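Asker: Quick one: the structure is below, and I'll ask about it shortly.
The values are calculated or read from the model by the stated rules, or taken from the named source; none is laboratory data. Here the structure is a predicted model, which means the values were calculated and not measured. Cβ sites come from the backbone with ideal geometry, for glycine too, and all protein chains shown count toward neighbours.
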Amino acid sequence: MRFIRQNLRWPTEAPQEGGRVFVSFVVDASGSIRDAKVMKGLHPAMDIEALRVVQLLGY
C-alpha cells in the first residue's frame with residue numbers, strides 16, 4: 001500500500017472525493033505483471049492511473 005500511495009498521481013480531471021479502482025492482474029514466474037485490467041472503475045483517468053501503478057509493481 002505504501003508503494004501505491006507514493007507512486008499514485010491523482011489526475012486533475014478525476015473526482016477529488018476519492019474512491020477505489022479494482023484491478024485484476026497476474027504475476028508471472030519472473031515477477032512481471034501481466035494481463036492487468038480494471039474490474040471496477042472509478043473514472044476513466046483514474047482507471048488509467050491505477051493500471052500504470054500496477055504495472056510498476058512488477059519492476
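Asker: Residue by residue through the stretch 1-13, note down the ones that are assigned to a helix (DSSP H, G or I) and either in contact (Cβ under 8 Å) with a residue 12 or more places away in the chain or touching a strand residue (DSSP E or B) at 6+ places or on another chain (Cβ under 8 Å) (or both).
Answerer: Phe3, Ile4, Asn7
Asker: So which pairs qualify, if the first residue must be in the stretch 14-25 and of a type in the set (Lys, Arg), the second must be surrounded by 15 or more Cβ atoms within 10 Å (Cβ to Cβ), the Cβ gap must be under 7 Å, and the two must be at least 6 apart or on different chains?
Answerer: Partner pairs satisfying both residue conditions: Arg20/Leu42.
Asker: Given the criteria out of contact with any helix residue (DSSP H, G or I) (no Cβ under 8 Å at 6 or more places or on another chain), of a type outside the set (A, V, I, L, M, F, W, C), at pLDDT 95 or above and not in a helix (DSSP H, G or I), does Ser30 qualify?
Answerer: Against the criterion (out of contact with any helix residue (DSSP H, G or I) (no Cβ under 8 Å at 6 or more places or on another chain), of a type outside the set (A, V, I, L, M, F, W, C), at pLDDT 95 or above and not in a helix (DSSP H, G or I)), Ser30 does not qualify.
Asker: Follow-up question, since we're still on this one. Please pick out the residue among Ser24, Ser32 that is loosely packed, with under 12 Cβ neighbours inside 10 Å and hydroxyl-bearing (Ser, Thr, Tyr).
Answerer: Answer to the selection: Ser24.
Asker: Based on this model, can you work out whether Ala36 counts as in contact with a Phe, Trp or Tyr (Cβ under 7 Å, 6 or more places away or on another chain) and touching a residue at least 12 places away in the same chain (Cβ under 8 Å)?
Answerer: Criteria met by Ala36.
Asker: Please go through (1) loosely packed, with under 10 Cβ neighbours inside 10 Å; (2) at negative phi for Gly18 and return the number of the only condition it doesn't satisfy.
Answerer: Of the numbered conditions (1) loosely packed, with under 10 Cβ neighbours inside 10 Å; (2) at negative phi, the odd one out for Gly18 is (2).
Asker: Restricting to the stretch 33-59, give me the number of residues that are in a strand (DSSP E or B), farther than 17 Å from Phe3 by Cα and either in contact with a Gly (Cβ under 6 Å, 6 or more places away or on another chain) or among the acidic types (Asp, Glu) (or both).
Answerer: The qualifying residues number 1.
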